[in-house]
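Reading through the structure tokens given below for one structure.
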Amino acid sequence: MTIPTKEAMYDALCERHGADLQAKFAAGSVVICGLGGLGSNAAVHLARAGVGKLHLI
């Protein structure tokens, strides 16, 4: 199993969401208060979606 490159992951996200929306995700910033069952899963999914900055409290 090989780990995809950053470029390959970005290309896959652009195909899924479109380049314009992906650029908005990359420029976005999200604050998550609490990293229990819900917050930790939300953080993982936001990171995988390409959100630019995650602030975890």
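FYI, it's all coordinate maths here, none of it is from the lab. Remember, predicted model here, so these are calculated numbers, not experimental data.
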Using a Gaussian network model of the chain whose springs link C-alpha atoms within less than 10 Å, name the residue from Leu13, Leu46, Leu38 with the highest mean-square fluctuation.
-> Leu38
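Expressed as a fraction of 2.2 N^0.38 Å, the rule-of-thumb size for a compact globular protein of N residues, what is the C-alpha radius of gyration of the chain?
Details: Rg = 12.5 Å, N = 57, 2.2 N^0.38 = 10.2 Å.
Computed over Cα atoms of the chain, the ratio equals 1.22.
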Taking Cα atoms, the helix 37-49 axis meets the longest principal axis of the chain at an angle in degrees (rounded to 10) of 20
Return the single residue from Ala26, Ala47, Ala12 with maximal mean-square fluctuation; model: Gaussian network over the chain, springs between Cα atoms under 10 Å.
-> Ala12
Could you give the angle, 0 to 90 degrees to the nearest 10, between helix 6-17's Cα long axis and the longest principal axis of the Cα atoms of the chain?
-> 90
